[in-house]
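Asker: Pasting a structure here, questions to come.
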Amino acid sequence: MTRISVKVDGTTYEDEVEPRLLLIHYLRDRLGLTGTPIGCDTSNCGACTVDLDGETVKSCSVLAVQADSGEVTTVQGLARDGEWHPLQKAFHERHALQCGYCTPGMIMAARDLLRENPAPDPQEVREALEGNLCRCTGYQNIVRAVLAASGQEATT
């Protein structure tokens, strides 16, 4: 067992974990943060995307011990004082989901894009979301939602 200390969604946790425990399993099974889904377990789908120390990562490909002394933000940690994050609102208002399974990863990847590029064009949004798969929506409303969250109306 390895002792880790990690801040998740603003709360610091100190735990002993097996060195092989994946971050996704730590978040869901140990901390009960089930808003981040397990998609493919192979880092192909992006559903489990979280922010680790300012970078988006697929939590099924990161060990919990790699987050030691770090800070993780999940989709659940985006809301503040009972208010949804602008991306969460835009996804809801623009109907950017159907089954919703990919939505947490899409929102986290979009958040990373908007941090780096606050006014992306539709093609830049599509490129930023390439590592996140959706089997339901056809992506059009997802792109529109990201553009709306950036303060732009979608032109697609």
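The values are calculated or read from the model by the stated rules, or taken from the named source; none is laboratory data. Computed from a prediction, not measured in an experiment: that's the story for all the values here. Reconstructed Cβ throughout: ideal geometry from the backbone, glycine too, with neighbour counts over all protein chains shown.
Asker: Residues in the stretch 48-59: is at least one among the β-branched types (Val, Ile, Thr) and either over 26 Å from residue 129 (Cα atoms) or in the same structural domain as residue 100 (by TED's automatic domain parsing) (or both)?
Answerer: So far as the stretch 48-59 goes, no, none of its residues is among the β-branched types (Val, Ile, Thr) and either over 26 Å from residue 129 (Cα atoms) or in the same structural domain as residue 100 (by TED's automatic domain parsing) (or both).
Asker: Identify, by number, the condition in (1) among the β-branched types (Val, Ile, Thr); (2) touching a strand residue (DSSP E or B) at 6+ places or on another chain (Cβ under 7 Å); (3) modelled with pLDDT under 95 that residue 74 doesn't meet.
Answerer: (3)
Asker: Would you point out which residue out of 5, 69, 43 is assigned to a loop (DSSP other than H, G, I, E, B), more than 17 Å from the chain's Cα centre (by Cα) and either outside the structural domain of residue 135 (by TED's automatic domain parsing) or hydroxyl-bearing (Ser, Thr, Tyr) (or both)?
Answerer: 69
Asker: Would you check if residue 36 is closer than 15 Å to residue 107 by Cβ and either outside the structural domain of residue 129 (by TED's automatic domain parsing) or not in a loop (DSSP other than H, G, I, E, B) (or both)?
Answerer: Details: closer than 15 Å to residue 107 by Cβ: yes; either outside the structural domain of residue 129 (by TED's automatic domain parsing) or not in a loop (DSSP other than H, G, I, E, B) (or both): yes.
So residue 36 fits the description; yes.
Asker: Next question, about the same structure. Taking the conditions exactly as written (at pLDDT 95 or above, among the basic types (Lys, Arg) and crowded, with 20+ Cβ neighbours inside 10 Å), does residue 115 satisfy them or not?
Answerer: Spelling it out, it is not the case that residue 115 is at pLDDT 95 or above, among the basic types (Lys, Arg) and crowded, with 20+ Cβ neighbours inside 10 Å.
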